[in-house]
Amino acid sequence: MNVAQRLAEYVHSIKYQDVPENVIHETKKRIVDSLGCGIGSYKAEPVSISRKVAKSARDDDGSTLFGTKTKSTPDLASFVNGIMVRYFDYNDTYLSKEPAHPSDNIGPCFSVAEAEKATGKDLLLSIVLAYEIQCRLCDAADIRHRGWDHVCYGLASTALAASKLMGLNVSEMTEAVNLALNSHITMRQVRAGELSMWKGCSFANAARNGVFSALLARQGMTGPSPIFEGEMGFFKQVSGPFQINTDDFGGKNGTFKIAETYLKFFPAEIHSQTSIWAALEARKEIENPDDIVSVEIASHEAGYTILGRDPEKWNPMTKETADHSLPYIVAMALLEGKIDNSTYSEKKYRDPKTLDLLKKFTVVEDKTLSTMYPEAVANRITVKLSSGKAVTKQVDYHKGHPKNPMTDREVERKFERLTRKYLTKNQSRKILDLAWGLDKVKNVKTILPSLVLR
């Protein structure tokens, strides 16, 4: 049996009752977190662009675009809703051989669940399984160092999650994976140099293609096989060969991966989270930012290569570059004592005072911190002052890491902060209650009207 068949057989075999209650609770927590991110980004430019495109394909029996009464096809709704969850770079993360944002699967799962008139339990299970597939593939092989984007693994996770919600058999699920992987591989250039809007859209597009592949497979379309092991397949072209044993997955002999993902306390790339906490601690000992002579950020290999190596990180021209810049993020934490969505306004990242401070920054890889990764995502900052004093702070586990988790109430407060300009307090509470009680919902279609913004 090839890899695609084994993944399909696994997804087909797992039932809701195979998922422990604590895992269901963690899934609900990530839904609350993701809906907050999604609603909060309602007016973001890439969201508006994608929504205009999706509205041109209205489908009254399809899927709702979050925040509206408009319905489009499930694949296009997956694209829009996926961008909304991802845009702020505030949704959860998984770190392994390959990093990923597995909550990118949540928007697509909602979209397909609504179109299929699925129950809340069906939706919860599809999300658990999407996380499981994507995270296990991230455990199997590093593809970013080979020039490919982590969202390639999302092709399989969304195709299989959509297939599960559609009730496809193992053979059809396998074809959905074959179709999705063959035709939609994504280059890592999306996260190199000056970053564009597409940085926050790349997975959403993978999800659009994953859902579309499942729709085709349901109608009998077949795809190239074996897609992983074939002569021109995924192993040869993208990942290199790897072994994967679904007997070790959640619901079999292993535990589900969703509880191992990291939530974010700050809207910034995951590898920068501990640097923010370190900067906020250092700031307590700095009376005036004008006294700063130099700042060194010592990071692990992923933090250095993703956030601190490209020269564009010292002169960000886009929001997407700013929220993926270690020097900029740390500089703003030192200057303002906070990181929030206003941190990435053009007024701030093009402020001459900020750009002058960035000239004092260096970023280096610390091999010791690299050996701690990904179990710890550590950063250390050293600030030298004109007085001759040096302030050094290191943080290993950010708030939201499984070893330093956010509470349910902290996640709710994050949701409330992100959505307050769009939701009344009563509406916000209603959405939170629906999310925490999702296992009691008989038809996901009935809860989407609650997400319509005032």
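The values are calculated or read from the model by the stated rules, or taken from the named source; none is laboratory data. Model, not experiment: these values are computed from the prediction. Because the Cβ atoms are built from the backbone with ideal geometry, glycine has one as well, and the counts that use them run over all protein chains shown.
The helices (runs of 4 or more DSSP H) located wholly in region 350-454 that include 3 or more residues which are touching a residue at least 40 places away in the same chain (Cβ under 8 Å) and closer than 29 Å to Pro99 by Cα occupy 367-372, 408-419, 425-436. Taking the criterion of being farther than 30 Å from Asn288 by Cα and either modelled with pLDDT under 95 or hydroxyl-bearing (Ser, Thr, Tyr) (or both), would at least one residue in region 407-418 satisfy it? Taking every residue of region 407-418 in turn, at least one turns out to be farther than 30 Å from Asn288 by Cα and either modelled with pLDDT under 95 or hydroxyl-bearing (Ser, Thr, Tyr) (or both). Of Asn182, Asn178, all but one fail to be out of contact with any helix residue (DSSP H, G or I) (no Cβ under 8 Å at 6 or more places or on another chain), of a type outside the set (D, E, K, R) and more than 27 Å from Asp33 (Cα to Cα); the exception is Asn182. Within region 429-444, the presence of a residue that is touching a Ser or Thr at 6+ places or on another chain (Cβ under 7 Å), buried (at least 16 other Cβ atoms within 10 Å of the Cβ), among the small types (Gly, Ala, Ser) and modelled with pLDDT of 95 or more is excluded. Considering only residues that are under 16 Å from Leu179 (Cα atoms) and either free of Cβ contacts under 8 Å to residues at least 12 places away in the same chain or not assigned by TED's automatic domain parsing to the domain that holds Thr186 (or both), which ones fall in region 234-249? Listed by number, the list holds a single entry, Phe235. Taken as a whole, the condition of being surrounded by 17 or more Cβ atoms within 10 Å (Cβ to Cβ) and closer than 30 Å to Ser294 by Cβ does not apply to Gly388.
Assessment of region 41-55 against the conditions (in the same structural domain as Ile106 (by TED's automatic domain parsing), β-branched (Val, Ile, Thr) and within 30 Å of Pro241 (Cβ to Cβ)) yields no matching residue. I need every pair where a residue in region 1-18 that is outside the structural domain of Thr255 (by TED's automatic domain parsing) and β-branched (Val, Ile, Thr) has its Cβ under 7 Å from the Cβ of a residue that is assigned to a helix (DSSP H, G or I) and at pLDDT below 95, sequence separation at least 6 or different chains. If the second residue must be assigned to a helix (DSSP H, G or I) and at pLDDT below 95, no pairs are left.
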